[in-house]
Amino acid sequence: MFFRPGTWLLQGLAQARQALPSECGICGRWPSQRVCADCAARWAEVQPRCKHCALALPGGASECGACLRAPPAFDAAWAAVDYGYPWSLLLAQLKFQQDPGAAWALAQLLARAPGVAAALASARWIIPVPLSAQRLRERGFNQAALLAGALARSPNAGDYAHLLVRTRHTPAQSGLHRDLRLRNLRGAFEVPARQAARIAGRRVVLVDDIMTTGATLDAAAQALRRAGAIHICAMVVARTQRLHRQ
Ligand SMILES: [Zn+2]
Ligand SMILES: [Zn+2]
């Protein structure tokens, strides 16, 4: 129900396109993958990140101060890049144009980040952060589900979406303080009772496109925890810097 008919056909075509020479979406060089190797190396430099929330930590510490004070509901977090140019362009194509090619390129970028392959391999479920029914109607697709499908490399990945649902529509939260975001999101996610047995005792990966304050992923992780998930890993393409858990 999270996929419109034809989504997988589009994705299949996009994957086929990835295998053919085309133009790099960043530098315009041809022939190339959607993101050429030079651009991936230049713009997606690996950097140390907080093990809990994926915030970039230049000093080499393993955990940021905010997570030391109050760790999020998820156990670990991975991000491929900091949010910003040029990835913001591809993320916008993913979010507003339902671009499966962008989903595929961004999932590849994420899959290359250290630790991500192991986290994916050890998870029983790769679950996209769900949209509310209202937002899904407005947008027509869930960009996190496109990413999760590409990460899972399986046309059945869409089935995982119903393991976690968003029960309540919340207004756009940009600009709000993290505590207020968390309050707005309380009870906004749930694992449907008939799915709880599939989550209990499992390791899961939660996928979203961008983490800003982490409040959305935190609320989604709380629902999975209530259903008995034993390990929850948050996985995003891009992590913002300045808005971190203000
Ligand atoms: Zn390039
Ligand atoms: Zn942190």
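Residue-wise test of (1) touching a residue at least 12 places away in the same chain (Cβ under 8 Å); (2) among the basic types (Lys, Arg); (3) more than 9 Å from ligand 2 (Cβ to nearest atom).
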{"residue": "Ser32", "(1), (2), (3)": "no, no, yes"}
{"residue": "Ala40", "(1), (2), (3)": "yes, no, yes"}
{"residue": "Ala44", "(1), (2), (3)": "yes, no, yes"}
{"residue": "Lys51", "(1), (2), (3)": "yes, yes, no"}
{"residue": "Ala56", "(1), (2), (3)": "yes, no, yes"}
{"residue": "Ser62", "(1), (2), (3)": "yes, no, yes"}
{"residue": "Ala73", "(1), (2), (3)": "yes, no, yes"}
Original post:
So which residues in the range 4-62 are farther than 25 Å from Trp78 by Cα, modelled with pLDDT under 85 and among the charged types (D, E, K, R), if there are any at all?
Top reply: Arg4, Arg17, Glu23
Original post:
List, please: which pairs have Cβ atoms under 7 Å, are six or more places apart or on different chains, and start with a residue in the range 120-137 that is more than 16 Å from His162 (Cβ to Cβ) and end with one that is surrounded by 21 or more Cβ atoms within 10 Å (Cβ to Cβ)?
Top reply: Leu120/Ile126; Leu120/Leu151; Leu120/Val205; Ala123/Val204; Ala123/Val205; Ala123/Cys233
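For every residue, the table says whether it meets (1) buried (at least 21 other Cβ atoms within 10 Å of the Cβ); (2) not charged (D, E, K, R).
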position: Val191; (1), (2): yes, yes
position: Ala197; (1), (2): no, yes
position: Arg203; (1), (2): no, no
position: Thr213; (1), (2): yes, yes
position: Thr216; (1), (2): yes, yes
position: Ala229; (1), (2): yes, yes
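Would you confirm whether or not the range 80-95 contains a residue that is within 16 Å of ligand 2 (Cβ to nearest atom) and on the phi < 0 side of the Ramachandran plot?
There is at least one residue in the range 80-95 that is within 16 Å of ligand 2 (Cβ to nearest atom) and on the phi < 0 side of the Ramachandran plot.
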Subject >> Residue in the range 83-90 that is part of a strand (DSSP E or B), surrounded by fewer than 20 Cβ atoms within 10 Å (Cβ to Cβ) and at pLDDT 90 or above present >> reply: no
Original post:
Quick check: anything in the range 138-153 surrounded by 14 or more Cβ atoms within 10 Å (Cβ to Cβ), over 22 Å from Trp87 (Cα atoms) and not hydroxyl-bearing (Ser, Thr, Tyr)?
Top reply: no
Original post:
Just wondering, is there one or more residues in the range 196-215 that are acidic (Asp, Glu) and more than 19 Å from Leu146 (Cα to Cα)?
Top reply: no
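For the range 116-225, give me every one of the helices (runs of 4 or more DSSP H) that falls completely inside it and has 3 or more residues that are of a type in the set (A, V, I, L, M, F, W, C). Show your work before the answer.
Numbers: elements: 116-122, 133-139, 143-152, 178-185, 196-199.
Per the criteria, 116-122, 143-152, 178-185, 196-199.
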Subject >> Residues of the range 18-73 satisfying the condition of being outside any loop (DSSP other than H, G, I, E, B), exposed (fewer than 15 other Cβ atoms within 10 Å of the Cβ) and touching a strand residue (DSSP E or B) at 6+ places or on another chain (Cβ under 6 Å) >> reply: none
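The values are calculated or read from the model by the stated rules, or taken from the named source; none is laboratory data. Treat the numbers as computed from the prediction; the structure is a model and nothing was measured. Here Cβ is always computed from backbone atoms with ideal geometry, including for glycine, and neighbour counts include all displayed protein chains.
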